[in-house]
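Structure first, then comments.
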Amino acid sequence: MNLILFVCSANIERSKTAEDYFSQKYPDIEFRSVGTNKAICQKEGTNYLNEEDLNWAEVIYVMEPKHKKAIKTFSRLKLGKKIKVLNILDHFGYYNPELLELLEAKISI
């Protein structure tokens, strides 16, 4: 598992935190992050969900079930086994210590 994609709504807080945090912790593994809300991603200049990243990833960690649903609506790729739902709600700012604790507890690399 060397290619990991994190997904949240806007790619500002949760998925971006996960990408940045784990990239520093595990420099030999590649991490990316995207958001599922196209309007917010465009407005904020963040990475929006795309086929290239979905194909690239060996594992896709989504923050909530709605992100898994968004991926299935967006893509015809069969990704079911690659997608892992973390059940981390949008209550945290970027690099929030509580968010980091949850990510550590829920993700095994």
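Values quoted throughout were computed directly from the atomic coordinates according to the rules given, and no laboratory measurement underlies them. Nothing here was measured: the structure is a model prediction, and the numbers come from that model. Here the Cβ is made from the backbone with ideal geometry for all residues, glycine too, and neighbour counts use every protein chain on show.
Please list, by residue number, every one of the chymotrypsin sites (Phe, Trp or Tyr not before Pro) in region 11-77 that is coil in DSSP and has at most 10 other beta-carbon atoms within 10 Å. List each step's numbers first, then the result.
Values: sites: Tyr21, Phe22, Phe31, Tyr48, Trp56, Tyr61, Phe74; in loops: none.
Taking region 11-77 and a limit of 10 other Cβ atoms within 10 Å, no loop chymotrypsin sites (Phe, Trp or Tyr not before Pro) are found.
For region 4-21, list residues with backbone N below 12 Å from a point placed 7 Å from the Cα of Ile40 toward its Cβ? What the label zone holds, given the 12 Å backbone N cut-off, is 8-16.
Can you give me the relative contact order of region 3-106 as a percent, contacts being Cα pairs under 8 Å and 6 or more apart? Could the numbers behind the result be given before it?
On the way: 178 pairs, mean separation 33.1, N = 104.
Value for region 3-106: 32 percent.
Taking each DSSP H run with n ≥ 4 as -39500 (n - 2.57) and averaging over every residue of the chain yields -11500 deg cm²/dmol at 222 nm. With the gyration tensor restricted to C-alpha atoms of the chain, the semi-axes of the equivalent ellipsoid amount to 19, 16, 13 Å, longest first. Cβ-Cβ distance of Tyr94 and Met1, R₀ of 30 Å, FRET efficiency by 1/(1 + (r/R0)^6): the value works out to about 0.75.
What's the longest uninterrupted piece of the chain once you rule out the trypsin sites (Lys or Arg not before Pro) that are loop residues per DSSP with at most 13 other Cβ within 10 Å? Intermediate results must be reported in sequence, preceding the final value.
On the way: sites that count: Arg76, Lys78, Lys81.
Longest stretch, sites excluded: 1-75.
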